[in-house]
1. Which condition number does Asp421 fail, the rest of (1) in contact with a Cys (Cβ under 9 Å, 6 or more places away or on another chain); (2) modelled with pLDDT of 95 or more being met?
2. Just give me the residues in region 321-373 being without any contact (Cβ under 8 Å) to a residue 12 or more places away in the chain and outside any loop (DSSP other than H, G, I, E, B), in sequence order.
3. For a quick check of your reading: which strands (runs of 3 or more DSSP E) sit entirely within region 214-256 and have at least 2 residues that are closer than 22 Å to Asp358 by Cβ?
4. Would you please list the contacts, defined by Cβ atoms under 6 Å and residues six or more apart or on different chains, that run from a residue in region 200-221 that is closer than 12 Å to Tyr392 by Cα to a residue that is of a type outside the set (D, E, K, R) and surrounded by fewer than 13 Cβ atoms within 10 Å (Cβ to Cβ)?
5. For region 68-84, which positions are farther than 16 Å from Tyr106 by Cβ and among the polar types (S, T, N, Q)?
6. Inside region 257-280, can you point out the residues that are more than 15 Å from Leu292 (Cα to Cα), assigned to a strand (DSSP E or B) and not acidic (Asp, Glu)?
7. Out of Asp150, Asp131, Asp119, which single residue is under 26 Å from Ala371 (Cβ atoms) and among the acidic types (Asp, Glu)?
8. Find the residue count for region 132-153, including only residues that are crowded, with 23+ Cβ neighbours inside 10 Å and free of Cβ contacts under 8 Å to residues at least 60 places away in the same chain.
Amino acid sequence: MVPHFFKRLKNIVAVLSAMAAATNAFANVNAIDFSKIPDAAKLAPQITFLKTNYRLYNHWVHDWQYDIPKEKTVNTLTSLYQALEKNTAKNEETYLLLGDIAHYLYNMEIEEYYQKALDNYKQAQLLAAGDYRAYWFMGNHYSLSARQLDGFDAYATALKLLPADAKSPEFWADYSVACTNAGMVSTARYAASRAAKIDDGMQHLDEQLLPIAPAYYKAAPPDTTLQAKDIWTTYTNSSKVVLDNWLMGIKVAIDSSWSLKAGGYDHHLSYLVLNPTLATDAKGKKIGYTMLFMMKHAEPGETLQGYLDKLTSKYTNRKPVSFTAGGFSSMLAYEINDPASYRDIGGGHFYEVAIERDAPEFPGMKLEKPAETPTNGDNSGQVNYYRAEQKYARAKGKIFYLILLDTCGNIFDQSVKTFRDLLGNNLIIE
């Protein structure tokens, strides 16, 4: 049996107290086409009760104080569930409705309905694999059951299947709540904005999120100096080591065998040096090469071309090349040959790639990842709260990203292949 998300607050090491105001899930039941449910007319009173009172049970309530008794609410929804379950002509809409009723009963602490909700959503997926709603409903159920990663797997599928012209503010509202529960506040604000663009009545959702954001992200003081440990975070993902620098808006995933040196933040600049696994030349010699990432705030009136020229103007033979880096194809990129350096291993051969980015509307959105609800195994029944670990928010204004490959002729093809793979597939720039 999986305990409800809010019931698990008694086991949580910490949770933002302000988040509770934003966890009022919305009525995805409104996305169900009741006209397609067999015998729906015979169940009209119970269905009307369900749709009219969904705010009572679309989330777990710690202290039930509504005018309608909880027992009556449970009995009405249980009766509706049992009547629909007996129908032998169930279709996708029926299973979606059964899943939602089970979800609501679970929210009212009828624990056996946790799995029933999942089973019904899965049946809906089998009947209509291309319908985003079954994955949306499942994602919402998981999110409110403290299974954030499973929830985001379901939401990821829902987002892929969501029609471009879909007008569903409830979907974006539920997704915003799920992102908030998972600590993805920037993505939550984006989803809230999508909901509000469809329905002005959803404006309040972003207003609820605004007080939460500062608990997750803090601005760096002007002209400050920060150590590398203050701005870089690392975690593993399969065989990759992922490095985040939220202040400079960059994420890099590298092989765990690589060595690295991450710099702090000084004079509006930060850096990262990567040394991939040694390459082997045609004669069997092991040769190292280096990748350098430099991130700096653009000075007033400073251009990307001018910044690049200032750093590499001595190379008069640089040749423009095309690149895809960090999801962008618009950039400055040059190939440089320098026979005078590394003469014994084929001469110097370099790439320089430069990108400029203004601050995005929702800083941090590209860097966020869902986090499971933390627990401490405490079964005392006490509700505990925590404050999320703050990160430095993406610096305001324009940032220049300069990425250099320092290699040689003898291992040029190998090192360039690794360089292009890193920039094209394992780099995110906001």
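The values are calculated or read from the model by the stated rules, or taken from the named source; none is laboratory data. No experiment lies behind these values; they were computed from the predicted model shown. For neighbour counting, all protein chains shown are included, and Cβ atoms are generated from backbone atoms with ideal geometry for every residue, glycine included.
1. (1)
2. Scanning region 321-373 gives Arg343, Asp344.
3. Here the list reads 240-245, 250-255.
4. Listed pairs, sorted by first residue: Lys218/Gln390.
5. Ser79
6. Matches in region 257-280: Tyr265, Ala279, Thr280.
7. Asp150
8. Within region 132-153, residues that are crowded, with 23+ Cβ neighbours inside 10 Å and free of Cβ contacts under 8 Å to residues at least 60 places away in the same chain number 6.
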